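Colleague: The structure under discussion is supplied below as structure tokens; questions concerning it will follow.
The values are calculated or read from the model by the stated rules, or taken from the named source; none is laboratory data. Note that the structure is predicted; figures quoted are calculated from it, not measured. Cβ: placed from backbone, ideal geometry, glycine included. Neighbour counts: every protein chain shown.
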Amino acid sequence: MIDYKEIIKKIIPELDKVVSFFEKELLKIRTGRISPALIEDISVECFGQKFPLKQLASISILDPKQLVISPWDKSYIEPIEKAVFSSNLGVSPIVEKDSIRISFPPISEEYKKNFLLIISEKQEEANKTIRKWREKAWEEIQERTKEGEIKEDDKYRAKEELQEIVNEYNKKIKELSDKKRKEIMDN
């Protein structure tokens, strides 16, 4: 006999990854406070390869509306400037000697609506991934029940426990989402 709890336990790290990924995605969405996370993953083409910005420069907060990018090498300035300019942030980078300054405009109502929509899309993607892991575990439980490795009674217990865990993770996603929505609307 196999314990269904082992099957459920196997998906927990995957569900944790979904929540962690969702949190990182939300960091890329600007609220009133700016953060290096807004730009650190912008893809920069340098020497015929693509690198995330954070591998080519340090990023610091100059004031509540400005970030400063300090490239490790002067030859990175032009490709970084080009990548930031062509990103969908709606900002114009300003090159100043050995660094690049980015000023973020105030958040408009249109911007807020757009990002609320993006949050909803990302939340749905996270929920979909959680459902996928639930289905995977449930299929294995059903298969093991057919093979006689899990008792019929345990199968239904497993289904309930599995749903409780899924509900718990969906709740975490919703809480993160609601918190980010509030940050956007409060600005």
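Colleague: For region 29-51, how many residues meet the condition of being farther than 28 Å from Ser108 by Cα and in a strand (DSSP E or B)?
Modeller: 5
Colleague: Looking only at region 52-86, filter to residues that are outside any helix (DSSP H, G or I) and touching a helix residue (DSSP H, G or I) at 6+ places or on another chain (Cβ under 8 Å); which one of those is farthest from Leu26 (Cα to Cα)?
Modeller: Ranking the candidates gives Pro71 first.
Colleague: Any idea how many residues of region 1-28 are modelled with pLDDT under 85 and part of a helix (DSSP H, G or I)?
Modeller: Qualifying residue count for the region: 1.
Colleague: Let me spell it out: the conditions are (1) in contact with a strand residue (DSSP E or B) (Cβ under 6 Å, 6 or more places away or on another chain); (2) among the hydrophobic types (A, V, I, L, M, F, W, C); (3) in contact (Cβ under 8 Å) with a residue 60 or more places away in the chain, and Leu15 meets all of them except one. Which number is the exception?
Modeller: Single failed check for Leu15: (1).
Colleague: Search region 43-89 for residues being farther than 14 Å from Ser99 by Cβ and acidic (Asp, Glu), and hand back the single one that is nearest to the chain's Cα centre (by Cα).
Modeller: Filtering region 43-89 for residues that are farther than 14 Å from Ser99 by Cβ and acidic (Asp, Glu), the one nearest to the chain's Cα centre (by Cα) comes out as Glu45.
Colleague: Run Glu14 past the list (1) closer than 27 Å to Leu116 by Cβ; (2) surrounded by 13 or more Cβ atoms within 10 Å (Cβ to Cβ); (3) out of contact with any Leu (no Cβ under 9 Å at 6 or more places or on another chain) and report the number of the one that doesn't hold.
Modeller: Here Glu14 meets the rest and fails (1).
Colleague: Can you work out which of the residues in region 87-120 that are among the polar types (S, T, N, Q) and assigned to a loop (DSSP other than H, G, I, E, B) is nearest to Leu53 (Cα to Cα)?
Modeller: Across region 87-120, the extreme among qualifying residues is Ser87.
Colleague: Restricting the search to region 83-108, which residues are in contact with a Ser or Thr (Cβ under 9 Å, 6 or more places away or on another chain) and either surrounded by fewer than 12 Cβ atoms within 10 Å (Cβ to Cβ) or among the polar types (S, T, N, Q) (or both)?
Modeller: Ser87, Ser92, Asp98, Ser99, Ser103
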